1. If I stretch the segment between VAL350 and ASP367 completely, what's the gain in nm (0.36 nm per residue apart, minus their alpha carbon distance), one decimal?
2. Please compute the net charge surrounding ARG98, taking Lys and Arg as +1 and Asp and Glu as -1 over other residues with Cβ under 9 Å from its Cβ.
3. Which order do peptides 302-310, 166-174, 277-285 fall in by mean Cβ count within 10 Å, highest first?
4. In square angstrom, rounded to the nearest 10, how much accessible surface does VAL350 have for a 1.4 Å probe?
5. To the nearest 10 square angstrom, what accessible area does ASP129 show with a 1.4 Å probe?
6. Among the listed pairs LYS101/LYS360; LYS115/LYS306; LYS148/LYS283; LYS71/LYS191; LYS82/LYS191, which have their C-alpha atoms separated by more than 31 angstrom in this model?
7. What net charge is computed for the residues neighbouring GLY181, neighbours being all others with C-beta under 15 Å from the C-beta of GLY181, Lys and Arg scored +1, Asp and Glu -1?
8. Take the Cα radius of gyration of the stretch 108-196 and divide it by 2.2 N^0.38 Å, with N its residue count; two decimals is plenty.
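The values are calculated or read from the model by the stated rules, or taken from the named source; none is laboratory data. This one's a predicted model, so the numbers in the text were calculated from it and none came from an experiment. Quick reminder, even Gly has a Cβ in these numbers, built from the backbone with ideal geometry, and neighbours come from all protein chains shown. For accessibility, only protein heavy atoms count, side chains too; no ligands or nucleic acids. Shrake-Rupley method; radii C 1.70, N 1.55, O 1.52, S 1.80 Å.
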Amino acid sequence: MVLCLMRVGVRGLKKQCCYGSTAAGLGGPWVVAPKTTKGIHITRRLSQQQGSTLNVFDRHTKLLQRERAAKDPEAELYDYLKEEVGYRLSDRILDIKRELKIGLDLGCGRGYVAKNITDVELDHLYMSDFSPSMLEAAQTPENIKSTKVIIDEEQPFPLESGSLDLVISNLNLHWVNNLPGCLREINRVLKEDGVFLASMFGGDTLYELRSSLVLAELEREGGFAAHVSPFTEIRDIGGLLSQCGFTMLTIDVDEITVGFPSMFELMWDLQGMAENNAGVSRKPHLHRDTLLAASAIYQEMYSKGKGVPATFQIIYMIGWKPDPKQKVVPAERGSGQISLKDLHKLDEMVRETGMEGRIKFMKDMMDDDKKD
C-alpha cells in the first residue's frame, strides 16, 4: 500500500536558510535556523565506540535535536508522517486476540501512538522517551492511566522483568546503536506470551535525496560522504528478532510518498521532525553550490509535474515472547495428506470433494483445536 501526501508551505524558508553545521534531515548536513532558535555547535567525531558496540549515531547530538524540535512552537506542523504511521501501528493492537493490561510506548515522541490507544486495548500505559522536553510535550491517551518515564534505549530499562504485556515503538529504533541489546531489554520486560509491535524506517527511505546528494557532491567536490543515515534492511529484521528471543514473527513493508515543492522544504521538515542526520562521522559542512546542484538533480530525476516526491519505506514488525506452557508439538512424519507441490491445485481439490468434504475438513480443524 502506498500513501501519497503533499506538504505545501514552509514557514520562513526563503529568509532563514543558512548553510553550515550538521543538523540536516534524515539526510543532509545543513541547518535552517529561525531567529528564535539558537544554533547547536556540533564537532565531528571520527569514531565512537563503547565496549563491543560500534556507535554509528551520536546520541548526544540526537538528544539536542529532539529537544530543539520539541520546543518549536510550531512542532505540530511536522507531525504528519509520524502521526500517520502511529495511527496505523496502534490499529494493529486490535488484531491481538488476548487481554493486554500494561504496555510501554518506547520512544513515544509527542504521543503519536498513545493518543490512539483506547481503554479497550490497555489498562495502563508507560510512555517513555530519552528527551525530557519531547516526553513532556507527549499527548497522553484518554480513559487510560499513563505514566511518563525517561528511558534511554541504549541503557537497561528501569522496569522489572516480565512486567509488561505489550511494548510498542513508533519510528524510533532506527537511531539506536546497540539495537540487539535494546531488543533483548524489550524481551526481558515482557511477560511470557507478551507481544512487541514496532515500526522502523526501511533501507529505501529517502533514496531520492540520498542519490541526489551523492551525484551532486561527486560532480562539485570529487567525492561524497554519507548524508542520509543508514537504515535496517527488511531481510535483517527477522533474524535480529529471532536472535533476541522473539518467535511467531510477522513483518511487512509499507511506503508513504510525500510531495514537496523542492528538496529544501523536505530537509526543513526533516529537521522539524527531529530526524536530522546524527551520524558519528557525518560531514560538518556541505557547500552551497553542492546543495543547489543536488536540488537541481533531484528535480530533474524525480520530479513528477509540480514539486518532488520523497519516499519513506516503513517496516512493521510483530514478535512474541515465548511461553514455555504453550508447547507446539509437530505432527508425525508422513501424516500430511497433501503435498506442498500440489498447493496450487488446492481450490480444484476442494471443489471436487463438494460440500461433504468441506464439512469434514472443518470438523477435523475443530478437533485439532480441541486437542491443542
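1. Details: separation 17, 0.36 × 17 = 6.12 nm, distance 1.94 nm.
That works out to 4.2 nm of additional length.
2. Neighbourhood net charge equals -2.
3. Working: 302-310: 16.1, 166-174: 23.6, 277-285: 19.1.
Descending mean neighbour count gives 166-174, 277-285, 302-310.
4. Accessible area, nearest 10 Å²: 50 Å².
5. Per-residue accessible area (ASP129): approximately 0 Å².
6. Working: LYS101/LYS360 39 Å; LYS115/LYS306 34 Å; LYS148/LYS283 35 Å; LYS71/LYS191 36 Å; LYS82/LYS191 28 Å.
LYS101/LYS360; LYS115/LYS306; LYS148/LYS283; LYS71/LYS191, as the Cα separations exceed 31 Å there.
7. Numbers: positive: ARG59, ARG184, ARG188; negative: ASP152, GLU153, GLU154, GLU185.
Around GLY181, the charge tally is -1.
8. Values: Rg = 12.6 Å, N = 89, 2.2 N^0.38 = 12.1 Å.
Ratio of Rg to 2.2 N^0.38 Å for the stretch 108-196: 1.04.
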